[in-house]
Each structure stands twice: as structure tokens, then as C-alpha cells.
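Below you'll find the structure, written out as C-alpha cells, and then a few comments.
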Amino acid sequence: MKVLIVEDNKELASGISDYLNGEKYICELAYTFEVAREKLSLFTYDCILLDIMLPDGNGLELLKYIRQENINSGILIISAKDALDDKVNGLEGGADDYVTKPFHLPELHARLRAIYRRKKLEGNNLVIFNEIVLNTDTVEATVNNTLLEVTRKEFDLLLYFVVNKNRVLSRQSIAAHLWGDYTDNLANFDFVYQHVKNLRKKISAVEGIDYIETVYGLGYKFNTSKT
Amino acid sequence: MKLINKITIWFIGIVFLITPVTMFISRNNIKKHLDEAEVTRMKEVNDRVAQQLKAGEKPDRYTHGRPIAISLLPGALPEQRVTVVKDNYVAEDLGRKECRITVDSYYEVGAQHYKISSYNYVIKSEEIFRGMLGTVVWKMLLMIVAVAVTARLLSGKIFSPLRRTMKAIHSFDLKQKNKIQLPQTSTTEFKELNVFLSKMTDKAMEDYAAVKEFSENASHELQTPLAVIRSKIELLSETNIDGVQAALIGDMQNAIEKLSHINRSLILLTKLENQEFKATESLKFCRVTKEVIATYEDWITMREIHLSTNLDKNIPLTIHPALAEMLISNLLSNAIRHNRDGGQINVLLTPREFCISNTGLPPQGPTCELFQRFKKSNQSNDSIGLGLAIVKQICEVNNYAIDYTYSDGWHRIHVYFYKNDQPVINSAEALSIAEVLSA
């Protein structure tokens, strides 16, 4: 996947690109509005990460340009303002999704993947890893062709793990993914433990491989090298 | 006491003080003039009699029936040709005080000296006084009534700029960007007051805007560095690290989580203050409540809390959907967090109010203080202490009344959707009133 990261903060841009490089994505960086427009006119990208506030222009203007030029890339907006107006304007302006700073990298990645699936894989709604098949449309998960009896949250959790495989996922990031805006009101992340435990139990029950492992002090990891 | 009443009382007081003095002065004046007039008259009478004497006429005809005595004066004429004597004595036959003026005139008629004396009883000063008293009572009454009535009528006119100014101050809200509108007036003092007030409010608004802008910008500017730190820590946790480092990173992640939560809450509070959440259409509050409760079900089950709900159906309210969700979410999460394991939560929703009550430890300090920012019932608690401040702000934005009480181990928070519905008396008083009524 080829990604253009339009973000004026160099540290943040490099952080994002480091993470995405680990997924074997090709990332290009644009720190300004002009550079971004130039790159968009010359190359094509599968996905664009777009910061709304740029030193020399508004990300929403770039969105307009993308639409004018009929550029068929998935667009994920990044903004420091989680103002609803920005959100609505962004999505109406042709963006596919929206994350607010400070975001978790695995979350950003999961959203990018979701956009990619919808847009580039022509709505291919199957996420497959070895014996695990996740259907994002019907919210059904199968392991070795056996249907996994999972709740919506457990499904989301498994999908999050599969998309961010071999990554350390902090409890905070998992909580943010599953509970969204409600995360702030959760006193601790014991629920994450509870949900992970249930999910592992259910996968083991259908004799699937337990890829999920605990990373001491940090969170969990979907370890593909497990057999 | 009203200014106008004070002025009226002072005015009447002054009238009461001045009146006896003026009475004294006018009594003396009247008495003096009456006496003088009498003396002049009697002098003229004496002169007339003397002329008659000189003309050789018999004065009998004229003096007849008049208190005039003519007598021959042996010896020389006294130096003063006219003497006036005023007698105040008690007339024994009538048993009352009398006042008599006697005018003695001395004439030389031919070779003989005559003394002609006239006397008359004049009105006594007490009598004048008595006559005046009746008038004064009426005068005072009329004055008091007139002062009171005109003060009332005039105050309506004179003080109307002041009243309008006070109304303007009363309705002035620093948080709203409208400048204060003060009424025009021709009174110098009120003009000064208005100039001073508008200067003061302008300054306050400027300062408020500056402070707000600062906190707004600061919060937004913090978001990017926070994102950088968070992403770098996530990348760091991917590297080869040992258990000690992992624990350090874990702590950092917790701190960043808290920091970003505080920052988000502050941004939200600023936005609420800026009235950025305008409700355009009504939503079904009951549905939002149900959705939020469903979100927290995991947590409630985990803490083995018994939740009982009593939600009326079809409750439309005009509130921004995000705010409605946040309101219930904050209240419910508080009720869970500050509960004891195996405790209880009751949620009640009627068309008039939303009430959530939960078991838990008694609060340390007054409950109303918990609506303040960063105020926590338990300082060591994990929460950041902005949840209730946000709830309060949401209520203010939507004109809801909120009240928090603690009794018998239950924390109760009521949100009244219509401010007038808030009970003025507490339930204990209501109970005793009910008992009195039924007795």
C-alpha cells in the first residue's frame, strides 16, 4: 500500500511512517500544503493521511483539490481539533474517516486498513489470517471454518489484533478502539483484560491457535510466529 | 430600604423640625402686627378726642360707649406724649387670662393738660397659637402626602435610568459576547455610572476573551506534542526491551492517557462555554439513556453492581446529541466508579427530570463543591475531577438545573430539564407540611 502522509509536524510524520513501514507500506511525507499538492499531481496513492491544519493552507482545501482532480485515494483526516464541524466538513468533503490527535498508531493503522478494504479492495470484506477469517460485513469470525461465537466487541478486538499483528497493543489503545469516546470515563482497563481473556478462551474452544500473548507491563501482542 | 423612602423620611423629618420654628416666628409676627395695629388705632382715637376737646366740642358723644377716659392732668406734661402699656393678667371675674393694651396720650388744650387713655383687649398669643395649630396639622398632613406621592411618581421617572442600568448589569454575562447595553440618561451621576460600567465590562470581556483564547490555543497546541509522545512510545514498545523498561513505558502510557483525557476535557469545557453545541432538533432522551447504559454494561457487571432503571418512554428534549450522551455517560460512569463492589445504581427518567442515585462512601466535603473543576471527593482517586464540571456546564448550556445530595449512604444527582421544576423545599420539609395538612 502506498500512503501519502500530509502532516506538518515532522516528528509525528516520521512516527507514523515508521509504524506503517513496519507493515511494508510505502510512505511519502509532505510537510506543507504545496508539497502535498505537487505530490498528488505527480503520483497516485492508495491512501492519504491528511492533517487539517497546515502551515500554508487548510487540509480541507486539499480535500477539495483531491476531489476536483478525481484522485481515487482513501482519505483519513488527522486533526487536533475534534470539533464536530471539522469532522462533518471533512467527511462531506470526501474524506473516508477521521481521527483526532493524540491517536494511537495501531488505531490509525486499523482505520487506514478499513478504508483500504472499502475503497481499494472493492469492498472485499474478508480479513484472512491463516485459519482465522473475519467478515467485516456480517461481523462473523471463523476459525478453521468453525463459526466463532463472539460478541461485537470481541469481533472488533480480534480484527484489531489481526490488522496489527506482531505489534504490541497497549491496553489504552485497545480500550480506545473498543470504547471510543467512552474510554475517558473508564476508571481502568480491566475490561480489556476481561475481553481478551474471553476471546482467547473462545478461540481455544474451537481449537484455534492462541496467537494472543500478554506483553508484561504493556499489553498484548498477536504473535504470528506461534504455532 | 429604598432610596426614595429614605429621602422621603428625611424630608418629612426636616419638615417636622422646621414647622415649630416657623410657627413660633409667625405667631410672634402676627401678635406684633395685631398689637401695633391696635395701638395705632387707639392713638388715632385719642388724637380725635383731643381735637374735639380743642375745638371745644363735648367729646361725650364720641367717647360714649368707648373705653376712653379723659382726665385733667395736674402739673406739667410728661416728656413722652404717648405711652403704651400692655397688661397680661388674670381676670378674676372670668377666671381667665386677659391681655389689655392701654394707650395714654397727653395733650395741651388751652392752658389745661389732659390725659386721654384708651384701652382694648387684644387677642392673646396662645389663642393665635391654638388657631395656627389646627392649620399646621392639616398643612403637615398635606405635605407628607404630597411628598410621598410625588416622590413615588418622580422616582419612577428619575430613577428609571438607574433601574434600567441595574437590569442591564443583571442580565450581563461575561461568557456571551454581547456588549452591555446601558440606557441613555440626562442625569450626570447616572451618566458617570454608565460610562464607568461600560468601561469596566469592556475590560472584563477583553480579559476574559484573552484568557479563554489562551487556554483554547494551549489545549489545541498540546494535542500535537501529545500525539508525538504517544506514537514514539508506541514505537519504543515495539523495540527490544526488557521487563523493567516495559514497566516504565507502561507508566508513561498511563500518564499520557490521563494527560490527553484532561486536555480533551478542557477543550470540551471551552467549547461548551463558547456555546459551540447548538441544539437544532429534539432527540429522544430515553433512547440515548438506554444506549449509554448498554455501553457501560460490561463495567457494571464486572463490579457486580445491581442496576435498576425506570425510564419513561418518548421523552423528546432539545439538546445536542453529543451533549446528551456525555451528560449521561459522565453521570453513569461516576456512579459506577464511586460505587462499592456489589453496590446499587438506580436510574430514573421522567419527562421532567433525570435522576441517578448510587451507593458509595460519603463524600468528603460539601457535595456542591464537587461541580468545581479538578475537585474530587477523594484526592487519591484515579479520576481527573472534570466529569461533574462538564456535567454542570452541559446543564448550564441547556438551562437545566442540577443538584447533588447525599443521604443514608446514597448519592443522588437530579437533573431537572425545566428550571422551575426544581423543588424549593426539601423533601423533609415537604413531609412535615404534608403531616400538618393531613392532621
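The values are calculated or read from the model by the stated rules, or taken from the named source; none is laboratory data. Note that the structure is a prediction, hence the values are computed from the model and not measured. Glycine also receives a Cβ, built like all others from the backbone with ideal geometry; neighbour counts cover every protein chain displayed.
Return the residue satisfying two criteria in turn: it lies in segment A:196-214 and is within 14 Å of chain B (Cβ to nearest Cβ) and surrounded by 19 or more Cβ atoms within 10 Å (Cβ to Cβ), and of such residues it is farthest from B:K258 (Cα to Cα).
A:L199
When B:A227 is tested against (1) free of Cβ contacts under 8 Å to residues at least 12 places away in the same chain; (2) surrounded by fewer than 18 Cβ atoms within 10 Å (Cβ to Cβ); (3) closer than 30 Å to A:V168 by Cβ, just one condition goes unmet, and that condition is (2).
Name the single residue, out of those in segment B:261-281 being part of a helix (DSSP H, G or I) and in contact (Cβ under 8 Å) with a residue 60 or more places away in the chain, that is nearest to the other protein chains (Cβ to nearest Cβ). It comes out as B:H261.
Of the numbered criteria (1) buried (at least 20 other Cβ atoms within 10 Å of the Cβ); (2) farther than 25 Å from A:S170 by Cβ, the one A:R111 fails is (2). Count of segment B:271-294 residues, restricted to those that are crowded, with 19+ Cβ neighbours inside 10 Å and among the hydroxyl-bearing types (S, T, Y), is 1. Scanning segment B:236-246 for residues that are part of a helix (DSSP H, G or I) and more than 7 Å from chain A (Cβ to nearest Cβ) returns B:L236, B:V244, B:Q245. Would you mind stating whether A:T227 is free of Cβ contacts under 8 Å to residues at least 40 places away in the same chain and of a type outside the set (A, V, I, L, M)? Criteria met by A:T227.
Of the helices (runs of 4 or more DSSP H) entirely within segment A:5-76, those holding at least 2 residues that are over 26 Å from B:E234 (Cβ atoms) and either among the charged types (D, E, K, R) or under 17 Å from the mean Cα position of the chain (by Cα) (or both) occupy A:33-42, A:59-68.
Within segment A:208-227, the set of residues being under 21 Å from A:N130 (Cα atoms) and in a strand (DSSP E or B) comprises A:I212, A:E213, A:T214, A:Y220, A:K221, A:F222.
Does at least one position in segment B:137-153 carry a residue that is touching a residue at least 24 places away in the same chain (Cβ under 8 Å), among the charged types (D, E, K, R) and either buried (at least 17 other Cβ atoms within 10 Å of the Cβ) or on the phi > 0 side of the Ramachandran plot (or both)? For segment B:137-153, residues touching a residue at least 24 places away in the same chain (Cβ under 8 Å), among the charged types (D, E, K, R) and either buried (at least 17 other Cβ atoms within 10 Å of the Cβ) or on the phi > 0 side of the Ramachandran plot (or both): absent. Within the option set B:A335, B:A322, B:A294, being facing another protein chain (nearest Cβ under 9 Å) and assigned to a helix (DSSP H, G or I) holds for one residue only, B:A322.
Do we have B:V347 as modelled with pLDDT of 90 or more, in a helix (DSSP H, G or I) and within 18 Å of B:M326 (Cβ to Cβ) here? Against the criterion (modelled with pLDDT of 90 or more, in a helix (DSSP H, G or I) and within 18 Å of B:M326 (Cβ to Cβ)), B:V347 does not qualify.
For segment B:76-92, the condition holds for no residue, the condition being that it is in contact (Cβ under 8 Å) with a residue 60 or more places away in the chain, in contact with a helix residue (DSSP H, G or I) (Cβ under 6 Å, 6 or more places away or on another chain) and within 26 Å of B:F24 (Cβ to Cβ).
Residue-wise test of (1) in contact with a Lys or Arg (Cβ under 6 Å, 6 or more places away or on another chain); (2) within 12 Å of another protein chain (Cβ to nearest Cβ); (3) surrounded by 21 or more Cβ atoms within 10 Å (Cβ to Cβ).
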| position | (1), (2), (3) |
| --- | --- |
| A:V35 | no, no, no |
| A:Y45 | yes, no, yes |
| A:D51 | no, yes, yes |
| A:G94 | yes, no, no |
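Considering B:T301, B:T367, the condition of being exposed (fewer than 14 other Cβ atoms within 10 Å of the Cβ) and β-branched (V, I, T) is satisfied by B:T301 alone. For segment A:5-28, name all the residues that are surrounded by fewer than 16 Cβ atoms within 10 Å (Cβ to Cβ) and either under 14 Å from A:R113 (Cα atoms) or out of contact with any Ser or Thr (no Cβ under 9 Å at 6 or more places or on another chain) (or both). Once the filter is applied, which keeps residues that are surrounded by fewer than 16 Cβ atoms within 10 Å (Cβ to Cβ) and either under 14 Å from A:R113 (Cα atoms) or out of contact with any Ser or Thr (no Cβ under 9 Å at 6 or more places or on another chain) (or both), segment A:5-28 yields A:K10, A:N21, A:G22, A:K24, A:I26.
Looking only at residues in segment B:307-317 that are surrounded by 12 or more Cβ atoms within 10 Å (Cβ to Cβ) and not aliphatic (A, V, I, L, M), which one is nearest to the other protein chains (Cβ to nearest Cβ)? Ranking the candidates gives B:T309 first.
Residues of segment B:386-401 that are out of contact with any Leu (no Cβ under 9 Å at 6 or more places or on another chain) and either assigned to a loop (DSSP other than H, G, I, E, B) or crowded, with 19+ Cβ neighbours inside 10 Å (or both): B:K392, B:N399. Residues of segment A:178-224 that are free of Cβ contacts under 8 Å to residues at least 40 places away in the same chain and either among the β-branched types (V, I, T) or not assigned by TED's automatic domain parsing to the domain that holds A:V163 (or both): A:T183, A:V192, A:V196, A:T214.
Within segment B:247-260, the set of residues being at the interface with chain A (Cβ under 7 Å from one of its Cβ atoms) and buried (at least 17 other Cβ atoms within 10 Å of the Cβ) comprises B:I249, B:G250, B:Q253, B:E257, B:S260.
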